[in-house]
Amino acid sequence: MKRPGAAGIKCEMCIVGDDCALPKDKGITGRRGIAGTLFVHKCAGATAARGAGLEEVTANARGAAEGVASMGVALSTCTLPGAVPNVRLDGDQVEMGLGIHGEPGAQQCRWRPCDELVEEALKTILDPIK
């Protein structure tokens, strides 16, 4: 944002915080953007593709960001290229609420059938207090 602004290019920022595993008021960072960023990018791109100005593109992106919620669930940990594999999960554990770059999840639990894991994730995603 600083470089384009310094070069006289008008720009706006849209922060996506769709991760329901973290509280909305989590310290200075707040919620992180995970899967929901895809939909925000698609909305912004479609708005721009039809010739809308920056203000409308930004408004649509922010509207999409406000309306999207998600939560990650993993059966194994993420291993980044060149990094030592992380072994914080054993074969019987699932991690719920993890980040997209290998950040630990909000909780670990025992493996259960998919419909049970989805039900638990949806309870968190749809909780109006979160």
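The values are calculated or read from the model by the stated rules, or taken from the named source; none is laboratory data. This one's a predicted model, so the numbers in the text were calculated from it and none came from an experiment. Backbone-built Cβ (ideal geometry, glycine too); neighbour counts: all protein chains shown. Accessible surface is based on the protein model in full, side chains and every heavy atom, while ligands, DNA and RNA are left aside. Shrake-Rupley method; radii C 1.70, N 1.55, O 1.52, S 1.80 Å.
Given Ile9, Ala46, Asn60, which one lies farthest toward the positive end of the charge dipole of the chain, if we put +1 on the Cβ of every Lys and Arg and -1 on the Cβ of every Asp and Glu?
Ranked along the dipole, the leading option is Ile9.
Any idea how many Lys pairs in the chain come in under 25 angstrom at the alpha carbon, given 8 or more places apart or on separate chains?
On the way: Lys2/Lys10; Lys2/Lys42; Lys10/Lys42; Lys24/Lys42; Lys24/Lys123; Lys24/Lys130; Lys26/Lys123; Lys26/Lys130.
Going through the chain pair by pair, I get 8.
Using θ = phi - 60° and the Karplus form 6.51 cos²θ - 1.76 cosθ + 1.60, what ³J(HN,Hα) does each residue of the range 11-22 get, whole Hz, x for Gly and Pro?
8, 9, 10, 10, 8, 9, x, 8, 6, 6, 6, 10
Determine ³J(HN,Hα), in whole Hz, for all residues of the range 4-9 in sequence, where each value follows from phi through the Karplus function 6.51 cos²θ - 1.76 cosθ + 1.60 and θ = phi - 60°; x replaces Gly and Pro.
In residue order, the calculated couplings are x, x, 5, 8, x, 8 Hz.
Using mean Cβ contacts within 10 Å as the protection proxy, how do 66-73, 118-125, 15-22, 77-84 order, highest first? The partial results should precede the final answer.
On the way: 66-73: 17.9, 118-125: 14.6, 15-22: 21.2, 77-84: 9.9.
Averaged packing, sorted descending, gives the order 15-22, 66-73, 118-125, 77-84.
Using the heavy atoms of the protein chains alone and a 1.4 angstrom probe, what is the accessible area of the range 1-68 per residue in square angstrom?
Values: 4480 Å² over 68 residues.
I get 66 Å² per residue for the range 1-68.
Can you tell me the dipole magnitude for the range 1-97 around its Cα centre, using point charges on the Cβ only (Lys, Arg +1; Asp, Glu -1), in Debye to the nearest 20? Walk me through the numbers before you get to the answer.
Details: 11 positive and 10 negative charges, 87 e Å.
Here the range 1-97 has a charge dipole of around 420 debye.
Return the carbon/sulfur percentage of the accessible area of the chain, one whole number, probe 1.4 Å, all protein chains in place.
Roughly 60 percent, rounded to a whole number.
How much net charge surrounds Thr77 when only other residues with a Cβ under 13 Å from its Cβ are counted (Lys, Arg +1; Asp, Glu -1)? It would help to have the intermediate numbers written out before the result.
Working: positive: Arg88; negative: Asp90, Glu95, Glu103.
Taking every Cβ under 13 Å from that of Thr77, the sum is -2.
Return an integer: the convex hull volume of the alpha-carbon atoms of the chain, in Å³ per residue. Let's see the in-between values first.
Details: hull volume 20.0 nm³, N = 130.
With only Cα atoms used, the chain gives 154 Å³ per residue.
For Thr58, what charge total do you get from the other residues with a beta carbon under 14 Å from its beta carbon, if Lys and Arg give +1 and Asp and Glu give -1?
Numbers: positive: Lys10, Arg62; negative: Glu12, Glu55, Glu56, Glu66.
Every neighbour counted, the sum reads -2.
In deg cm²/dmol, rounded to 500, what helix-only [θ] at 222 nm does the chain give when every DSSP H run of at least 4 residues adds -39500 (n - 2.57) and the total is split over its residues? Before the final figure, lay out the partial values.
On the way: 4 runs with 46 residues, N = 130.
The per-residue figure over the chain is -11000 deg cm²/dmol.
Efficiency by 1/(1 + (r/R0)^6): what FRET value for Asp115 and Met13, r their Cβ-Cβ distance, R0 = 35 Å, to the nearest 0.05? Don't jump to the answer; show the numbers that get you there.
Details: r = 38 Å, r/R0 = 1.09.
For Asp115 and Met13, the calculated efficiency is 0.35.
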